[in-house]
1. Please go through segment 158-200 and pick out each residue that is within 18 Å of Thr240 (Cα to Cα), in contact with a Gly (Cβ under 9 Å, 6 or more places away or on another chain) and either assigned to a loop (DSSP other than H, G, I, E, B) or open to solvent by 40 Å² or more (accessible area, probe 1.4 Å) (or both).
2. Against the condition farther than 30 Å from Gly283 by Cα, modelled with pLDDT of 95 or more and among the small types (Gly, Ala, Ser), how does Ala19 come out, does it pass?
3. Kindly evaluate Ala25 against the criterion of being of a type in the set (A, V, I, L, M), modelled with pLDDT under 95, open to solvent by 40 Å² or more (accessible area, probe 1.4 Å) and within 30 Å of the chain's Cα centre (by Cα).
4. I'm trying to understand the selection: among the residues of segment 322-347, which are open to solvent by 40 Å² or more (accessible area, probe 1.4 Å) and within 26 Å of the chain's Cα centre (by Cα)?
5. Answer with yes or no whether Ser36 is touching a residue at least 60 places away in the same chain (Cβ under 8 Å) and out of contact with any helix residue (DSSP H, G or I) (no Cβ under 6 Å at 6 or more places or on another chain).
6. Of the conditions (1) small (Gly, Ala, Ser); (2) surrounded by 13 or more Cβ atoms within 10 Å (Cβ to Cβ); (3) out of contact with any Leu (no Cβ under 6 Å at 6 or more places or on another chain); (4) under 30 Å from Leu308 (Cα atoms), Ser36 clears all except one; give me its number.
7. What are the residues in segment 204-231 that are part of a loop (DSSP other than H, G, I, E, B) and among the aliphatic types (A, V, I, L, M), if any?
8. List every residue pair whose Cβ atoms sit under 6 Å apart, with the two residues 6 or more apart in sequence or on different chains, where the first one lies in segment 373-388 and is farther than 30 Å from Gln198 by Cα and the second, anywhere, is open to solvent by 10 Å² or more (accessible area, probe 1.4 Å) and of a type in the set (Gly, Ala, Ser).
Amino acid sequence: MTPARRTDSLEWHDARAVAEAAASALGTETVALDESIGRVLSHDLRALTDVPHYASSAMDGWAVSGAGPWQLVDGPVLGPGLAAVIVTGGVIPVGTDAVLRSESGTVRAGRLESVSATGEPHPGQHLRAAGGEARSGELVVSATTLLNPAHVALAAGCGHDAIGVIRRPRVSVLLTGDEVDERGIPSPGRVRDSFGPQLPTVLRMLGAEVVSRRRIPDEFDATVAALRDSPGLAEVIVTTGGTGSSAVDHLRPALHALGAEFLVSRIAMRPGGPTMLARLPDGRLLLGLPGNPLAAMMGLLTIGMPLLAAFQGQISEVGRVASAAALEGRAGTSILVPFRLQQQQAVATPWLGSGMMRGLADSAGVLVVPPQGVRAGEVVDTLTLPWV
């Protein structure tokens with residue numbers, strides 16, 4: 001008989017909901033435009049000026065007034081039958097009716113004629129009116145938007161030099177594992193460090209500011225001391241390893257000794273079931289990730305992602321995709337399976353072991369297979385990868 005899940009394990013969706021509810025948006029700060037990409041806008045962004053702030057030409061050519069041919073002049077004002085050379089972005093002279101593109105006109109003895117087969121120029125053609133993109137005071141980006149490069153370019157065009165954003169959650173990383181080698185090929189009985197080279201960067205991808213990273217020995221007293229002494233500025237401590245219940249797993253006893261509240265003790269999922277979320281008496285949150293690499297990543301994506309999003313006033317959405325094949329479930333447990341996309345359907349990876357990163361390294365996302373399994377073609381919940 002397939003074993004039922006542990007009674008202290010939260011269902012997968014419930015665990016995500018608890019993580020999301022455990023945090024709220026932090027305060028705001030103002031950053032320069034070039035530091036704002038990937039940040040969350042704290043207040044509505046409005047144009048400080050008309051965009052464009054003056055009427056300009058959309059083409060190289062001639063500003064013209066009235067019907068042609070036109071006499072070429074040099075000045076800021078045009079009357080009927082007159083034209084002036086203009087470049088893209090150039091200020092439109094007063095009295096301009098349209099712009100004739102350089103490839104659509106010819107000049108002989110100071111007179112401009114149109115040679116366009118389509119009858120150019122038409123009234124208003126190739127003119128960029130002042131305020132054509134935005135009017136001064138107009139809302140251009142709404143608060144809580146995750147800023148991308150186009151948002152930042154728009155902000156610059158609207159006259160902003162800096163942007164108000166929600167402060168990033170500060171994270172302290174504690175790596176455990178006496179059997180871990182940080183360089184080279186490990187000998188039998190030892191393992192290569194899979195977290196140190198990537199975990200801080202993944203946390204930054206999720207919007208965190210990593211304020212410290214250190215390795216601690218697999219000892220109860222050392223674990224208690226590390227949790228107690230982690231930088232007080234950090235809202236979140238992220239640990240790796242030690243989340244099980246064996247004699248060499250010290251994280252849970254250390255948290256009990258410190259009087260922590262367990263918000264998520266375990267999650268009914270594989271891999272990554274021992275993932276935990278706890279709140280220390282001083283208010284800091286601890287996200288405990290298992291020691292196996294794939295299990296840890298599944299824990300981070302399952303509750304770390306919504307937790308860090310909530311600190312930034314965001315919601316971590318679950319995706320949906322059709323499974324290309326039937327996938328077996330497990331009673332009382334969600335199975336997390338990295339997948340590739342093939343003809344817009346999810347194809348499960350064959351590398352599913354909790355210590356295997358090969359499948360995730362080449363995946364488009366993670367399928368959340370419910371306990372009852374999935375039929376071929378059935379639409380399934382998915383986790384988005386922050387690097388995809």
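The values are calculated or read from the model by the stated rules, or taken from the named source; none is laboratory data. Because the structure is a prediction, the values reported are computed rather than measured. Neighbour counts run over all protein chains shown; Cβ positions are idealised from the backbone, glycine included. Heads up: the accessible areas ignore ligands, DNA and RNA and are worked out on the full protein's heavy atoms, side chains in. Shrake-Rupley method; radii C 1.70, N 1.55, O 1.52, S 1.80 Å.
1. Across segment 158-200, the qualifying residues are Thr176, Gly177, Glu179, Glu182, Val191, Arg192, Asp193, Ser194, Phe195.
2. In short, no.
3. Criteria met by Ala25.
4. Within segment 322-347, Arg340, Leu341, Gln342, Gln343, Gln344, Gln345, Val347 qualify.
5. For Ser36, the condition - touching a residue at least 60 places away in the same chain (Cβ under 8 Å) and out of contact with any helix residue (DSSP H, G or I) (no Cβ under 6 Å at 6 or more places or on another chain) - is not met.
6. Unmet condition: (3).
7. Leu206, Ala208, Ile216
8. Taking only residues 6 or more apart or on different chains, the pairs are Gly373/Gly329; Arg375/Ala326; Ala376/Ala325; Ala376/Ala326; Gly377/Ala322; Val379/Ala322.
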